[in-house]
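Take a look at the structure below.
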Ligand code: WQD
């Protein structure tokens, strides 16, 4: 018997791909989203991919009256909490907004869950809770430090959930620390579709490939890495969605709370990512070396072994598959597909 799961922020990049993975595994999901960073046609596209309409509640996760109505209308077996602000640079400019949405939003959600007797929660966290790591690959017991308001909010949420579970053992929480999600669903109907100018590498390369930006700025080629450009652990969004399914089913089976990295354990440089995207597009893409970006670190690569041992999760899609799927999505969107 499949579970019924609430996905907050479920019309967004990771949430929409997770709904597809849940439905493929026999579960169902209800979406709550304010559509501040998601296109209005995503639910229809999800219906086309999965063959069934999607129940959507439009609203803000901080709206306690809405949450009470939502939990009265559905009997949820679990919640996956995606709804948050997530741009590191923007968080430096708007720390109070990030704390309000990310921390107050989590507290409102958890209190609504408790009132409804729902205690299984998968929480979307991030590798930025490691700050500038001392060594890599980074294990989950590495030092945690916030170097941006965004990372502060995610660390605060993780600690709040740890304290809630310590006070009440009914809480079963899966904390997932994403490394760098990229790519799109194989249908090219859903993908990374930022509603503001992209900060992240792969969507920015997509804009260059579409001719909307003159060139990719490579933020520094003097890093202590093999080719001098930043090294990251990119994970295909469809693998990431699979990781959420494994975490959810671990909780549903009563196997308990967990904190795991979701990454591949492999580092890819900016220039290597650009080359893979060029292979997907079939032509060279203009780029220039630019100064380092404030707040960047040289290397962020996961130790993925705990997710493998605990959840049986291993990311398997390649960098070329990530870029090919990303390009298929953005070029389809650009032609109104
Ligand atoms: C990747 C690499 C840049 C853009 C961020 C957040 C993280 C997570 C994922 C939320 C770096 C380089 C980038 C460009 C470039 N989001 N780059 N030119 O910074 O590793 O992680 O997004 O959870 O929290 O911190 O991702 O894609 O911005 O950068 O050279 O135009 O590409 O320097 O080396 P990042 P990114």
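Using only alpha-carbon positions in the stretch 189-270, the gyration tensor eigenvalues give semi-axes of 32, 19, 9 Å once each is multiplied by 5 and square-rooted (largest first). Between helix 64-73 and the chain there is an angle of about 70 degrees, using the helix long axis and the longest principal axis of the Cα atoms. Here the extension length gained between residue 320 and residue 308 equals 2.1 nm, from 0.36 nm per residue of separation less the Cα-Cα distance.
Taking 10 °C and 1.306 mPa s as conditions, the stretch 1-154 diffuses translationally at an estimated 97 µm²/s according to Stokes-Einstein applied to its Kirkwood radius (Cα pairs).
The angle separating the long axis of helix 270-281 from the principal Cα axis of greatest extent in the chain is about 90 degrees. Calculated on the Cα set of the stretch 201-245, radius of gyration then Dmax: 14.2, 39 Å. Site pair residue 114 and residue 279 shows an inter-label distance of 5.0 nm when each label is modelled 7 Å from Cα along Cα→Cβ.
In units of the compact-protein estimate 2.2 N^0.38 Å, the stretch 270-316 shows a Cα radius of gyration of 1.70. Taking each pair of distinct Cα atoms in the stretch 7-65 once, what is the resulting Kirkwood hydrodynamic radius in Å? One over the average 1/r among Cα pairs gives 11.4 Å for the stretch 7-65.
Here the ratio of the Cα radius of gyration of the chain to 2.2 N^0.38 Å is 0.95. Principal-axis analysis of the Cα atoms of the chain puts helix 105-116 at an angle of about 30° to the longest axis.
Per residue, the convex hull spanned by the alpha carbons of the stretch 176-335 comes to 124 Å³. Calculated mean residue ellipticity at 222 nm for the chain: -12000 deg cm²/dmol, from DSSP H runs with n ≥ 4 weighted as -39500 (n - 2.57), summed, divided by the residue count and rounded to 500. Would you please classify the overall shape of the stretch 109-190 from the alpha carbon gyration tensor, given that a ≥ b ≥ c denote the square roots of the eigenvalues, rounded means a/c under 1.5, and beyond that prolate means a/b larger than b/c while oblate covers the rest? Taking the square roots of the gyration eigenvalues as a ≥ b ≥ c, the stretch 109-190 is oblate. With a/c under 1.5 counting as rounded, go ahead and sort the stretch 243-330 into rounded, prolate or oblate using the C-alpha gyration tensor (a ≥ b ≥ c being the square roots of the eigenvalues; past the cut-off, prolate if a/b is larger than b/c, else oblate). Prolate, since a/c reaches 1.5 and a/b exceeds b/c.
Every number here is computed from the coordinates shown, using simple stated rules; none is lab data. Since the structure is predicted, the reported quantities are computational estimates derived from the model, not experimental observations. Every residue, glycine as well, gets a Cβ built from its backbone with ideal geometry; the counts of neighbours run over all protein chains shown.
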